[in-house]
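Take a look at the structure set out below.
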Amino acid sequence: MNKHIDPADLDAQAAQTPAPAPAMTAKRKKLFAVLGGTVLLAGGAFGAYQLLVASQYVETDNAYVGAESAQVTPRVEGAVAQVLVSDTQKVAAGQPLVILDDADARLQLAQAESALSQAERRVRGWLANDRSLAAQMDARGADEARAEAQFASAQSDLQRAKLEFDRRRALAETGAVSAEELTRADTAFRQADAALRAARAARLQAAASHQAAAGALESNRAMTENADVANNPEVAAARARRDRARLDLERTVIRAPVAGVVTGRKVQVGQRIQPGANLMIIAPVQDAYVDANFKEGQLTKVRDGQTVELESDLYGGKVTFHGRVVGLSGGTGSAYALIPAQNATGNWIKVVQRVPVRIRLDPAELQAHPLRVGLSMTAKVHVGR
């Protein structure tokens, strides 16, 4: 059964309820005003921070320590006699790392030195022959001149004998000359003719001997012309082979190309190695740098020479490294990937690219707090003026 409520009773109850105090209303308005002011102040402070501080820096935690590591490789073949270092060991530039058996290299050096001595003696012999052959050529020249004179004399004798024979033969027809005298004139003529032929042969022989001596001298001088024992081509070639053998002997001691820390050692005693084999890696941690991979949108104001603050996960916030930007990579990481991204496809999704930024670290800070290749870093570049 529904109970009937009289409207007059409701008005009476409303009249009996007390009205909110004016002080409470004012307090609420004041609190809302403070809250609004606080929000406005915080927003202004945040905006000022973004404008004056945050906009002066770009930061990334996609940064890693790197170094120009050097691979240690042999230049000569040989068996490993000693390994003088181990992983994690610090080495100086030029320090011996591996020693190869040098018996074969020593034998090759001895052979090369012997060949050099033989070449020097040969060249000295050629130089001595130059003087001897020059004297022989002068002698053959004198012989040729003497043969020419004898030939000319034989020609004169033949002409004189012919005149005598012709005169006596004419007189013999008149009976003024005896037959015996004519016979002597004929014999003298024949002898002069034979002497002329002999002189001609001697002259040809002397000329041939002179030419042979000149050819021998020219051939010998071709081996020594414009060169003494020290710079003769044959001696120079033998010396180069000697120097190569000496260098091969020196290379049986494999030395550190740079100072750093040994890592990735693969060589063992007794192993026979070939030139170019990777024996170990030297990481020059004292010259470490950082490659920070910034998003493309962060690089608008990044320039060479800007200062950088870095923190390493190894030391945390307790150590702050300082460095400078030395350059930006010529391309993004994906551009030089083994399998580059094929963006000219139908199902294309834009991906924000990153560009490596090289940062040089302070050597003094590196010495005080050493880093290792591959460690993670956080880099903050100051891009403000």
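Observations on the structure shown:
- Of all the numbered requirements in (1) touching a Lys or Arg at 6+ places or on another chain (Cβ under 7 Å); (2) more than 16 Å from residue 359 (Cβ to Cβ), residue 335 misses one, and that requirement is (1).
- Breaking point among (1) over 22 Å from residue 79 (Cβ atoms); (2) of a type in the set (D, E, K, R); (3) surrounded by 15 or more Cβ atoms within 10 Å (Cβ to Cβ), for residue 303: (3)
- Residue count, the range 301-337 (criterion: touching a residue at least 12 places away in the same chain (Cβ under 8 Å) and either outside the structural domain of residue 63 (by TED's automatic domain parsing) or assigned to a loop (DSSP other than H, G, I, E, B) (or both)): 13
- The sole residue among 40, 84, 35 that is surrounded by 11 or more Cβ atoms within 10 Å (Cβ to Cβ), at pLDDT 75 or above and not assigned by TED's automatic domain parsing to the domain that holds residue 309 is 84.
- Test: residue in the range 345-354 that is among the hydroxyl-bearing types (Ser, Thr, Tyr) and in contact (Cβ under 8 Å) with a residue 60 or more places away in the chain: no
- Picking from residues in the range 59-97 that are of a type in the set (Val, Ile, Thr) and part of a loop (DSSP other than H, G, I, E, B), the one that is farthest from residue 352 (Cα to Cα) is 76.
- Any hit, the range 121-140, residues being loosely packed, with under 13 Cβ neighbours inside 10 Å, at negative phi and modelled with pLDDT of 75 or more: yes
- Residue selected from the range 230-254 under the condition of a type in the set (Val, Ile, Thr) and surrounded by 16 or more Cβ atoms within 10 Å (Cβ to Cβ), by the criterion modelled with the lowest pLDDT: 235
- Residue pairs meeting the criteria (Cβ under 8 Å; at least 6 apart or on separate chains; first more than 11 Å from residue 67 (Cβ to Cβ) and touching a residue at least 40 places away in the same chain (Cβ under 8 Å), in the range 252-269; second among the polar types (S, T, N, Q) and in a strand (DSSP E or B)): 269/82
- Selected residue (criterion: surrounded by the most Cβ atoms within 10 Å (Cβ to Cβ)) from residues of the range 87-100 that are over 20 Å from residue 275 (Cα atoms) and of a type outside the set (D, E, K, R): 91
- When 276, 297 are screened for being under 30 Å from residue 252 (Cα atoms), among the small types (Gly, Ala, Ser) and either out of contact with any helix residue (DSSP H, G or I) (no Cβ under 8 Å at 6 or more places or on another chain) or in the same structural domain as residue 374 (by TED's automatic domain parsing) (or both), only 276 passes.
- Scan of the range 332-366 for residues that are charged (D, E, K, R) and either modelled with pLDDT under 90 or within 12 Å of residue 296 (Cβ to Cβ) (or both), ordered by number: 350, 354
- Any pair with Cβ under 9 angstrom, 6 or more apart, that starts in the range 365-385 at a residue that is free of Cβ contacts under 8 Å to residues at least 24 places away in the same chain and ends at one that is among the aliphatic types (A, V, I, L, M) and surrounded by fewer than 18 Cβ atoms within 10 Å (Cβ to Cβ): 368/319
The values are calculated or read from the model by the stated rules, or taken from the named source; none is laboratory data. Source: prediction; values computed, not measured. Here the Cβ is made from the backbone with ideal geometry for all residues, glycine too, and neighbour counts use every protein chain on show.
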